[in-house]
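In what follows, a single structure is set out as structure tokens and then discussed.
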Amino acid sequence: MKPVLWLLAATAATFGVSRPAMAECEVTSVSVTGGQLVADYDGLQQSDLRLNAPLRIVANRDCRREDVAVVIMADAGGSQPIGSSILLESPSGVLRANLRAGRSSQPRPSGAEDSDKVGDVQVDGTGGGLDSELILTVPAGQDVAPGDYKTRVRLAASEKRGRAGDHLDIIVRVRPFVGLAAGSGTTLDLGVLNSGSQAQNAITFRTYANTPYRIVLSSDNDWKLERERTSGSVAYDPMLGGVALTGGSERVARYGYVPGGSEVIRFNAKVGDLPLVPAGRYSDWVTVRIAADLGR
């Protein structure tokens, strides 16, 4: 019997499993229109200064919450974020402020269904961009001299492929400010008039200023106490801080800048030589004004 030979052939095939490459998030730019924020600060304002500016973040569709965070970095270099607290400087001093990214007030673009929040910032997953906000807050009540307070920071988006961002100049202009507040009362009682007499209890008021200033006093009766409803008058001089102010229709006292920006001032009056006048009640109205003394 003839043997039957079988030829067995085996073909080895290599089958490759195709897997998509891991998508990488890439932020191409983070910027503020114009490259700067400029604001005016009034030290007398009771509420914080707040300025909102458009913030533009451009990223690809692969960026998600875990990939991106907008950070603020020092302009001088380094790779570590400095947080939201910043200091603005001028030759006159330092102003404290806060800078952070805020939620966009703009509507979401159509077709951006896969947009995702990054902290408080929206990143557009369609490969375009989305207008968000950068919020500058300067706390109220800071005692700083007039001047332009400046700093430069670098905005960056931290993501898997590094950082992308732009420089931002921040300028806060502190203008000279002065203010006046009533203190212990509005009536100065001189008692029984005598030559050289003063009130036992002076009136006090408080000034607020970040610059040298002047107090200007004016009198309804040209610095005379006049008898009510009949003729008769008694001359006097106003006093600030125990010093008599002499001169014309307006009496002026000048003050330098006081650290802390506030000062309590005492107002009194000193009667001149008392002439022979009828008995009665004598009075006058005095107006107190405060103005910046920019020439000093």
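The values are calculated or read from the model by the stated rules, or taken from the named source; none is laboratory data. All of these numbers come straight from a predicted model, not from anything done at the bench. Ideal geometry is used to build each Cβ from the backbone, glycine not excepted, and the neighbour counts take in all protein chains shown. The protein model used for the area step is the full one, side chains on, heavy atoms only, and it has no ligands, DNA or RNA in it. Shrake-Rupley method; radii C 1.70, N 1.55, O 1.52, S 1.80 Å.
Worth a mention:
- Checking segment 244-252 against the condition returns no match, with no residue being in contact with a Gly (Cβ under 9 Å, 6 or more places away or on another chain), of a type in the set (D, E, K, R) and without any contact (Cβ under 8 Å) to a residue 40 or more places away in the chain.
- In segment 196-213, the qualifying residues are those that are open to solvent by 70 Å² or more (accessible area, probe 1.4 Å) and in contact (Cβ under 8 Å) with a residue 24 or more places away in the chain, and the one that is farthest from the chain's Cα centre (by Cα) is Gln198.
- When residues of segment 17-45 are limited to those that are open to solvent by less than 70 Å² (accessible area, probe 1.4 Å) and hydroxyl-bearing (Ser, Thr, Tyr), the one modelled with the highest pLDDT: Tyr41
- Residue in segment 264-279 that is part of a strand (DSSP E or B) and loosely packed, with under 13 Cβ neighbours inside 10 Å present: yes
- Verdict on Gly247 being small (Gly, Ala, Ser), open to solvent by 50 Å² or more (accessible area, probe 1.4 Å) and more than 30 Å from Gln142 (Cα to Cα): yes
- One residue stands out in segment 250-263 among those that are outside any strand (DSSP E or B) and small (Gly, Ala, Ser): the one that is surrounded by the fewest Cβ atoms within 10 Å (Cβ to Cβ), namely Gly260.
- Contact map, segment 53-66: first residue surrounded by 17 or more Cβ atoms within 10 Å (Cβ to Cβ), second residue among the small types (Gly, Ala, Ser) and modelled with pLDDT of 65 or more, Cβ cut-off under 7 Å, separation 6 or more or different chains; pairs are Leu55/Ala101; Leu55/Ser132; Ile57/Ser132; Ile57/Ala157; Val58/Ser29.
- Taken over segment 119-145, the criterion of being crowded, with 19+ Cβ neighbours inside 10 Å and modelled with pLDDT of 90 or more is satisfied by Leu136, Val138.
- Members of segment 68-111 that are modelled with pLDDT of 75 or more and of a type in the set (D, E, K, R): Glu89, Arg96, Arg100
- Checking Asp148, Asp169, Asp114, Asp189 one by one, the residue that is of a type in the set (Asp, Glu), modelled with pLDDT of 90 or more and over 30 Å from Glu263 (Cβ atoms) is Asp169 and no other.
- The C-beta contact set for segment 28-49 (first residue over 25 Å from Pro139 (Cβ atoms) and free of Cβ contacts under 8 Å to residues at least 40 places away in the same chain, second residue open to solvent by less than 70 Å² (accessible area, probe 1.4 Å) and not in a helix (DSSP H, G or I), distance under 8 angstrom, 6+ apart or interchain) comprises Thr33/Ala53.
- The one condition in (1) part of a loop (DSSP other than H, G, I, E, B); (2) surrounded by 16 or more Cβ atoms within 10 Å (Cβ to Cβ); (3) more than 33 Å from the chain's Cα centre (by Cα) that Leu193 fails to fulfil: (2)
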